[in-house]
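Engineer: Please read through the structure below; I'll follow up with questions.
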Amino acid sequence: MKNPKRLLLIIFIVILILTAPAWMYFGSYAVLSYFNGEKLYTVSITGLEDANITEPVEIIVPLPQMCNESMFPASIYSQQFDGWISEVRTTENGTVLAFRSTSLPVKNLDATFRQSYLISESLPDLRGYTPPLSMPPESVTITGVTITPENQNASLNLLLIASVKKTTAHLLIPYGMTYITQCQTEVSGASVAEPIPLTPVSRAIPWDVRPYLVYNPLFVADFPRHLPSLEDSSI
């Protein structure tokens with residue numbers, strides 16, 4: 001062979017091409033092991049469009065806590081949504097999250113607060129099946145809405161979901177855990193100006209990203225689409 005260096009280069013390129021799928025496969029594992037930390041808090045209230053509302057509405061919901069500390073910094077809660085504005089407020093019952101309607105007719109509330117992390121160590125050390133999430137005080141207050149006999153068929157559906165996803169193993173086998181605390185209730189046929197008690201239900205759901213590498217090797221932390229429902233979890 002007149003040019004051994006060229007032959008070696010050709011052999012190297014062929015080996016690289018043949019092993020590329022394996023490098024991509026295991027490389028995706030390594031990336032996903034760190035690129036998957038996320039916190040979410042979603043507040044959804046439907047049925048407001050049927051409640052015959054003639055004045056601005058204010059909704060007070062709990063601020064989620066993680067490991068007995070605020071889940072998010074206060075600054076993240078000052079946002080505008082479709083027909084609503086939100087802010088943190090200090091009351092006699094503690095610090096709460098307030099939503100004020102900005103339009104008439106009042107629109108249903110659909111708000112999500114999110115933080116994602118490139119390195120999952122940015123989140124606290126969460127292990128095992130003990131959910132670290134809570135929502136004190138566990139109640140919702142809605143002012144400006146009264147369900148009268150004229151609209152007694154109206155009902156409000158309240159849904160609050162706090163969730164944290166964090167990897168618990170790294171390198172080539174990225175297993176992890178998603179912690180979820182959910183409050184859901186329905187109000188109908190009466191004034192809703194008094195605090196509405198909530199009963200949080202918590203779950204800890206283990207996950208394994210391997211089934212999703214086929215569809216999206218760079219899948220990053222959009223776990224709600226892939227998780228089983230709370231009712232499906234035996235944990």
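Engineer: Can you tell me which residue within segment 49-80, out of those that are over 18 Å from Asn157 (Cα atoms) and in a strand (DSSP E or B), is least open to solvent (accessible area, probe 1.4 Å)? Break it down into steps so the answer makes sense when it comes.
Structural biologist: Quick first cut of segment 49-80, residues over 18 Å from Asn157 (Cα atoms) only: 54-56, 63-80.
With in a strand (DSSP E or B) added as a condition, the list becomes 65-66, 69-70, 80.
Details: Gln65: 55, Met66: 13, Glu69: 128, Ser70: 74, Gln80: 150 Å².
Checked segment 49-80; the qualifying residue least open to solvent (accessible area, probe 1.4 Å) is Met66.
Engineer: Quick one: is Arg114 open to solvent by 90 Å² or more (accessible area, probe 1.4 Å), modelled with pLDDT of 90 or more and either at positive phi or assigned to a strand (DSSP E or B) (or both)? Break it down stepwise before answering.
Structural biologist: Numbers: open to solvent by 90 Å² or more (accessible area, probe 1.4 Å): yes; modelled with pLDDT of 90 or more: yes; either at positive phi or assigned to a strand (DSSP E or B) (or both): yes.
In short, yes.
Engineer: For segment 163-204, enumerate the residues that are in a strand (DSSP E or B), of a type in the set (A, V, I, L, M) and modelled with pLDDT of 90 or more.
Structural biologist: Of segment 163-204, the ones in a strand (DSSP E or B) are 163-167, 175-188, 191, 196-197, 201-204.
Cutting the leftovers down to of a type in the set (A, V, I, L, M) gives us 164, 177, 180, 187, 196, 201, 204.
Those that are in a strand (DSSP E or B), of a type in the set (A, V, I, L, M) and modelled with pLDDT of 90 or more: Val164, Ile180, Val201.
Engineer: Quick one: what pairs do we get from segment 101-117, first residue under 21 Å from Val88 (Cβ atoms), second open to solvent by 70 Å² or more (accessible area, probe 1.4 Å), C-beta under 8 Å, 6+ apart or different chains?
Structural biologist: Every condition considered, the pairs that remain are Ser101/Pro56; Ser101/Lys107; Thr102/Pro56; Thr102/Gln80; Asp110/Asp82.
Engineer: Test Thr46 against the stated conditions and say whether it is open to solvent by 40 Å² or more (accessible area, probe 1.4 Å), modelled with pLDDT under 90 and closer than 17 Å to Thr102 by Cα. Talk me through it step by step, then tell me what you get.
Structural biologist: Numbers: open to solvent by 40 Å² or more (accessible area, probe 1.4 Å): yes; modelled with pLDDT under 90: no; closer than 17 Å to Thr102 by Cα: yes.
Here the answer is no, as Thr46 does not meet what is asked.
Engineer: Sticking with this one: Picking from Leu156, Leu160, Leu133, which residue would you name as being open to solvent by less than 30 Å² (accessible area, probe 1.4 Å), modelled with pLDDT of 80 or more and in contact with a Cys (Cβ under 7 Å, 6 or more places away or on another chain)?
Structural biologist: Working: Leu156 fails: in contact with a Cys (Cβ under 7 Å, 6 or more places away or on another chain); Leu133 fails: in contact with a Cys (Cβ under 7 Å, 6 or more places away or on another chain).
Exactly one of Leu156, Leu160, Leu133 is open to solvent by less than 30 Å² (accessible area, probe 1.4 Å), modelled with pLDDT of 80 or more and in contact with a Cys (Cβ under 7 Å, 6 or more places away or on another chain), namely Leu160.
The values are calculated or read from the model by the stated rules, or taken from the named source; none is laboratory data. Predicted model only: the values in this text are computed from it and were never measured. All Cβ positions, glycine included, derive from the backbone under ideal geometry; neighbour counts span all protein chains shown. Areas reflect the complete protein model, heavy atoms only, side chains present, ligands, DNA and RNA absent. Shrake-Rupley method; radii C 1.70, N 1.55, O 1.52, S 1.80 Å.
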